[in-house]
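*Asks:* Quick one: this structure, given as C-alpha cells, is what I'll be asking you about.
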Amino acid sequence: MSRRTGSLNLKGRFMFWNKEIETASREDIEQLQSNRLKQCVKKVYENVPLYKTKFDEVGLKPEDISTVDDLTKIPFTVKDDLRDTYPFGMFAVPKKDVVRIHASSGTTGKPTVVGYTTKDLDMWSSVMARLCVAGGVSAHDTAQVAFGYGLFTGAFGLHYALEKIGVTVIPASSGNTEKQIMLMKDFGTTVLISTPSYALYISEVMAQMGIDPKRDLKLKYGLFGAEASTEEMRRELEERLGIVATENYGLSEIIGPGVSGECTDKCGMHINEDHFIVEIIDSVTGEVLPYGEEGEVVITAMSKEALPILRYKTKDISNLIPNKCSCGRTSMRMAKIKGRSDDMLVIRGVNVFPSQIETVLLKSQEVEPHYEIIVKRENWLDQLEVLVEIADTSLLENYSRLEDLQNRIKSEIRTILSIDANVKLVEPNTLKRFQGKAQRVTDLRDQ
Ligand SMILES: [Zn+2]
C-alpha cells in the first residue's frame with residue numbers, strides 16, 4: 001500500500017505521492033489502523049518491559065485490543081518513560097537491527113533517544129515525501145535544508161524524503177546565513193526548509209545584503225516546521241520571500257518530521273494516518289475529546305519496528321479536522337499547533353499562549369515580527385512585558401505616534417488576553433534572532 005504512485009497533474013508536477021493511501025476511504029484507513037495496532041500491541045507487550053508493566057497494571061491483555069476503538073483502553077506513554085529507560089530501554093528490536101539513532105536535547109539531564117531500523121527509515125522518508133509533495137515540491141525542485149544536521153531529526157527527515165522524490169538537495173544545515181543566501185542565489189534554490197523563525201531571519205539578512213528574493217532568487221516554496229507559528233507569521237514569510245509557505249509537524253519520539261503537514265491549500269495538516277493515529281485529549285482528565293475540540297495531541301506510532309509507541313502525550317495543543325480537504329486528500333487533518341502546554345503561561349490566573357501575542361503584534365505594519373515576552377513578579381503580582389521592534393526608526397522621533405502605537409498594541413493584547421501588558425517598542429535589530437527553534441519567552445517568576 002505504500003508503493004509510490006506519484007500521480008502527475010497537467011504541468012507534470014506531482015499531486016500525490018501515495019495516491020491510493022492519501023485518498024483512501026475512512027473504512028479502509030481504520031481497517032489498516034486496526035490491523036497494525038493489533039500487531040503493535042502484541043509486539044510491545046512481548047518485547048518492551050515498560051509496556052508489559054503498563055498493561056499488567058491495568059489488567060490489559062494484547063488480545064483485548066482488536067480495533068482502533070479499543071485504543072482508549074491503552075495507558076498513555078509520556079516523555080519520562082523514555083527518560084526512565086534511557087538510552088535503549090524502549091526499543092522493541094535487538095540493537096543489531098537498529099541502523100540509526102536520533103535524540104532530542106533535553107534542557108535538563110539526558111536526551112530522549114530514538115532508534116530506527118532500515119524499514120523504519122524507509123517508512124519515514126515515504127511519509128515525509130507525501131508531505132513535501134503536498135507542500136508543492138516535485139522532482140524539478142532544488143531544496144535547501146537549513147535545519148541543523150545532527151542528532152536532531154529535522155534535517156535528516158526532510159533530506160531523505162526530498163531525495164526520494166528526486167529533488168536536488170542542498171544540505172546547507174543551519175547558520176552561516178550570508179552563505180546560505182549565496183547558495184540560494186548561485187544554485188537556484190526553489191524550496192527552503194527551516195524553522196519559520198530562521199526563515200524570517202534569512203529574509204532580514206537578504207534585505208541587508210540588498211537581495212530582493214522576488215527579483216534575485218528562484219524561491220517558490222517554504223516547508224517550515226520544528227516550531228509552532230501563526231497564520232500572521234506565514235503571511236509575513238510568504239510576502240517577504242515570495243513563496244507559498246506550508247507547515248509540517250512531527251516529533252522525534254514519534255518519528256521526527258512526517259506525522260502531518262499542510263497541502264498548498266493551507267487549511268490544516270494532513271495526518272499520515274496509515275502510520276500514526278492522532279487523538280485529542282483533555283490533558284487533565286485524559287478523556288478523548290470530540291472532533292474540533294481543542295486539547296492535547298496524543299499520537300500512536302503503530303507501524304514502527306524499533307520504537308513503536310502507544311498513545312504518546314505530546315503536550316502540543318491542536319484540534320482535529322475530519323472533513324475531506326479541497327486538495328482531494330481524505331486524511332484527517334490537525335489544526336496548526338497553538339502552542340505546547342509547556343509553553344502556556346499562566347499570568348494572573350489567565351492562560352496565555354505566546355502565539356496569541358504574536359498574532360496581535362504581526363497585525364501591525366509598524367512593528368517587525370521580532371519580539372520578546374518577559375513575565376516577572378513585582379509586589380506579588382505577575383507582570384507581562386512585551387518587547388517589540390519598530391519597523392521604521394523615524395517613529396522614534398515622533399513621541400506621540402510612538403505612544404499611540406504602544407497604546408494600540410496594549411489595547412489589542414487586553415482585548416485578546418484580558419490582561420494588561422507593558423509594551424515596549426525598541427529599535428530595529430536589537431532583539432535576538434534565531435537559527436533554529438525560537439526562544440521568545442523568559443519567565444523570571446521563579447527567581
Ligand atoms: Zn489538502
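*Asks:* Can you tell me which residues in the stretch 114-150 are in contact with a Leu (Cβ under 7 Å, 6 or more places away or on another chain) and assigned to a strand (DSSP E or B)?
*Replies:* Matches in the stretch 114-150: Val114, Gly115, Ala143, Gln144, Val145.
*Asks:* Counting residues that are within 16 Å of the ligand (Cβ to nearest atom), which strands (runs of 3 or more DSSP E) fully inside the stretch 188-280 reach at least 2?
*Replies:* 221-224, 244-251, 256-262, 269-271
*Asks:* Follow-up question, since we're still on this one. Does any residue of the stretch 334-347 turn out to be closer than 13 Å to Ala421 by Cα and in contact with a Leu (Cβ under 7 Å, 6 or more places away or on another chain)?
*Replies:* Yes, some residue in the stretch 334-347 is closer than 13 Å to Ala421 by Cα and in contact with a Leu (Cβ under 7 Å, 6 or more places away or on another chain).
*Asks:* For the list (1) modelled with pLDDT of 95 or more; (2) more than 28 Å from Glu296 (Cα to Cα); (3) in contact with a helix residue (DSSP H, G or I) (Cβ under 8 Å, 6 or more places away or on another chain); (4) not in a helix (DSSP H, G or I), I need the number of the one condition that Ser174 fails.
*Replies:* The single condition Ser174 does not satisfy is (1).
*Asks:* Condition test on Val58, is it closer than 17 Å to Arg311 by Cβ and modelled with pLDDT of 95 or more?
*Replies:* In short, yes.
Quick grid of which residues meet (1) in a loop (DSSP other than H, G, I, E, B); (2) assigned by TED's automatic domain parsing to the domain that holds Thr230; (3) of a type outside the set (Ser, Thr, Tyr):
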position	(1), (2), (3)
Asn351	no, no, yes
Glu358	no, no, yes
Leu361	no, no, yes
Tyr371	no, no, no
Ser400	no, no, no
Ser411	no, no, no
Leu425	no, no, yes
Asn429	yes, no, yes
Lys432	yes, no, yes
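*Asks:* Scan the stretch 133-179 for residues that are in contact (Cβ under 8 Å) with a residue 40 or more places away in the chain and of a type in the set (S, T, N, Q) and jot them down.
*Replies:* Across the stretch 133-179, the qualifying residues are Ser138, Thr142, Gln144, Thr153, Ser174, Thr177.
*Asks:* Kindly establish whether Arg130 is of a type in the set (Lys, Arg), farther than 30 Å from Cys327 by Cβ and touching a residue at least 24 places away in the same chain (Cβ under 8 Å).
*Replies:* No; evaluated as a whole, the condition is false for this residue.
*Asks:* Taking into account only those residues within the stretch 325-345 that are of a type in the set (Ser, Thr, Tyr) and within 13 Å of the ligand (Cβ to nearest atom), which is surrounded by the most Cβ atoms within 10 Å (Cβ to Cβ)?
*Replies:* Ser331
*Asks:* Being away from the ligand (no atom under 16 Å from the Cβ) and either charged (D, E, K, R) or not assigned by TED's automatic domain parsing to the domain that holds Ala228 (or both) is the filter here, so list the residues in the stretch 293-324 that pass it.
*Replies:* Glu293, Glu294, Glu296, Lys304, Glu305, Arg311, Lys313, Lys315, Asp316
*Asks:* Another question about this same structure. Can you list residue pairs whose Cβ atoms sit under 8 Å apart, with the first residue in the stretch 383-398 being over 16 Å from Gln365 (Cβ atoms) and the second being basic (Lys, Arg)? Count only pairs 6 or more apart in sequence or on different chains.
*Replies:* As it stands, the answer is Gln383/Lys376; Gln383/Arg377; Glu385/Lys376; Glu385/Lys424; Val386/Lys424; Leu387/Lys424, since those pairs meet every condition given.
The values are calculated or read from the model by the stated rules, or taken from the named source; none is laboratory data. Not measured: the values here are computed from a predicted model. Neighbour counts run over all protein chains shown; Cβ positions are idealised from the backbone, glycine included.
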